[in-house]
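A.B. asks: Dumping the structure here so I can ask a few things about it.
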Amino acid sequence: MSRSLGRAAAAAVATLLALGVAAPSVSAQEPLRSGHDKPLRDLAARQDLRIGTAVDMEALGSDRAYRSRTAREFNSVTAENVMKWEVVEPERGVHDWAEADELVRFAQRNGQAVRGHTLVWHSQLPAWLTSGVADGSIDAAELRRILRDHVTTQVKHFKGEIYEWDVVNEVFNEDGTLRESIWLQKLGPSYIADAFRWAHAADPKAKLFFNDYNVEGVNAKSTAYYDLAVRLRQQGVPVHGFGIQGHLDIGYGFPQDVQANLERFAALGMRTAFTEVDVRMTLPVDDAKLARQADDYRRLLAACLNVRRCTSFTVWGFTDKYSWVPEWFSGQGAANLLDEEYAAKPAYTAVRHELAAHRR
Ligand code: G3I
């Protein structure tokens, strides 16, 4: 089911529910509290691990099964989109925190922590910013002021409510060179240290992370983050953690040296986190593909559980009903732990077993 069809179906069910006509599918109400069937969050808590999911706010508001499963299974949530700059400041100086605040309130009602995603990125920027830079009406000095005000305002708005921020997202290329974003082009590399310092000043208790994809193992890109972390921390810049997105594809081999990668950041005294895990496949689904997917989820989680400073494991959505993958990778999908009807896939079972069996 495509994301838009998933949403339409969810909206229809929500209407029927409101009319008292339809009941959510049984699988959404399965008794999760019985013995061996504890939710993931209970198993993760025993391992001193936060297990989280990205949250689609439209689904949260319209799909009762989505809402109840988000609350039951996870002790951490991340806004999939509603804490991004294009959403929180659609017009210059005009802030819209409504959906982000709704997620924070949901998390507080359900005893969940909130990961902040994301302060500085090259994507999903508001049009007033990108067009101002493009037409030259925003020069470098003003851009730095705008960035400072954005980071400070957003982190202060959520002060005390967010335990970790993805301060900068996807700042390196695959070869370890800095990405040519408007930030690098106009401000130079110093924008990274500035963003961390501004975020720390706004909320000294929040832990501040880099975040990127294709950095699960030891490679040129992850090593660029490692080297930058060493340099910035030597300068007293408050860099606390490294976020590893974990968007895998069963068509590629499992990344090499994942645990060694986590361990080298831990040796610096830094946290690590898997922040956006999903494992896509070329459709149609079959048992062999599902088994490979389950093993990839399990191996990433096992690496995290083997390294104490790996403090959270977040999936980028938990049901195939709302995954970002089909819209971005033609012919691929089925990347999440549960299928479109919220039934457990082998990956969900593998994650449960790893959480239950692992000895940290
Ligand atoms: O909100 C608008 C809606 O008003 C409009 O009608 C619709 C028209 O297509 O677009 C909606 O915005 C979409 C937005 O998601 C919210 O649903 C954008 O088109 C769409 O591009 C955007 O995709 C997000 C993507 O980041 C953008 O790069 C995905 O949902 C989100 O899962 C994905 O997440 C990123 C992480 O933030 C960073 N790491 C990679 C990850 C996957 O790309």
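A.B. asks: Would you point out the residue of segment 318-358, among those that are within 16 Å of the ligand (Cβ to nearest atom) and free of Cβ contacts under 8 Å to residues at least 40 places away in the same chain, that is surrounded by the fewest Cβ atoms within 10 Å (Cβ to Cβ)?
C.D. replies: Going through the qualifying residues, I end up with 330.
A.B. asks: Among the strands (runs of 3 or more DSSP E) lying completely within segment 197-299, list those that include at least 2 residues that are out of contact with any helix residue (DSSP H, G or I) (no Cβ under 6 Å at 6 or more places or on another chain) and closer than 22 Å to residue 177 by Cα.
C.D. replies: In segment 197-299, the matching strands (runs of 3 or more DSSP E) lie at 207-212, 241-244.
A.B. asks: Using the structure shown, decide if residue 277 is over 22 Å from residue 319 (Cα atoms), buried (at least 23 other Cβ atoms within 10 Å of the Cβ) and at pLDDT 95 or above.
C.D. replies: No; evaluated as a whole, the condition is false for this residue.
A.B. asks: Among the residues of segment 87-100, what is the count of those that are within 14 Å of the ligand (Cβ to nearest atom) and buried (at least 17 other Cβ atoms within 10 Å of the Cβ)?
C.D. replies: 4
A.B. asks: Step by step: first the residues of segment 193-210, then only those that are crowded, with 21+ Cβ neighbours inside 10 Å and small (Gly, Ala, Ser), then the one that is farthest from residue 147 (Cα to Cα). Which residue is that?
C.D. replies: Among them, the one singled out is 206.
A.B. asks: Also: If you go through segment 154-188 one residue at a time, how many are buried (at least 16 other Cβ atoms within 10 Å of the Cβ), more than 30 Å from residue 51 (Cβ to Cβ) and β-branched (Val, Ile, Thr)?
C.D. replies: 1
A.B. asks: Restricting to segment 326-360, name every residue that is part of a helix (DSSP H, G or I) and over 24 Å from residue 302 (Cβ atoms).
C.D. replies: Listed by number, the residues that qualify are 326, 327, 328.
A.B. asks: State whether the residues of segment 227-242 include one that is of a type in the set (Gly, Ala, Ser), closer than 16 Å to residue 121 by Cα and touching a strand residue (DSSP E or B) at 6+ places or on another chain (Cβ under 7 Å).
C.D. replies: no
A.B. asks: I would also like to ask the following. Limited to segment 95-112, what total is found for residues that are free of Cβ contacts under 8 Å to residues at least 12 places away in the same chain and in a loop (DSSP other than H, G, I, E, B)?
C.D. replies: Residues flagged as free of Cβ contacts under 8 Å to residues at least 12 places away in the same chain and in a loop (DSSP other than H, G, I, E, B) within segment 95-112 amount to 1.
A.B. asks: Follow-up question, since we're still on this one. Consider segment 130-143. How many of its residues are buried (at least 18 other Cβ atoms within 10 Å of the Cβ) and within 22 Å of residue 201 (Cβ to Cβ)?
C.D. replies: Residues in segment 130-143 being buried (at least 18 other Cβ atoms within 10 Å of the Cβ) and within 22 Å of residue 201 (Cβ to Cβ): 1 in total.
A.B. asks: For segment 45-66, which positions are surrounded by fewer than 24 Cβ atoms within 10 Å (Cβ to Cβ), touching a strand residue (DSSP E or B) at 6+ places or on another chain (Cβ under 9 Å) and part of a helix (DSSP H, G or I)?
C.D. replies: Correct list: 45, 57, 59, 65.
A.B. asks: Name the pairs: first residue in segment 296-317 and within 30 Å of residue 63 (Cα to Cα) and of a type in the set (A, V, I, L, M), second residue in a helix (DSSP H, G or I) and more than 16 Å from the ligand (Cβ to nearest atom), Cβ to Cβ under 7 Å, at least 6 apart or on different chains?
C.D. replies: 300/258; 301/351; 301/354
A.B. asks: Still on this model: Of everything in segment 272-313, what is of a type in the set (Gly, Ala, Ser) and away from the ligand (no atom under 16 Å from the Cβ)? Give them in sequence order.
C.D. replies: Selection gives 288, 291, 294, 302, 303.
The values are calculated or read from the model by the stated rules, or taken from the named source; none is laboratory data. Just so it is clear, the model here is predicted, and its values are computed rather than measured. Quick reminder, even Gly has a Cβ in these numbers, built from the backbone with ideal geometry, and neighbours come from all protein chains shown.
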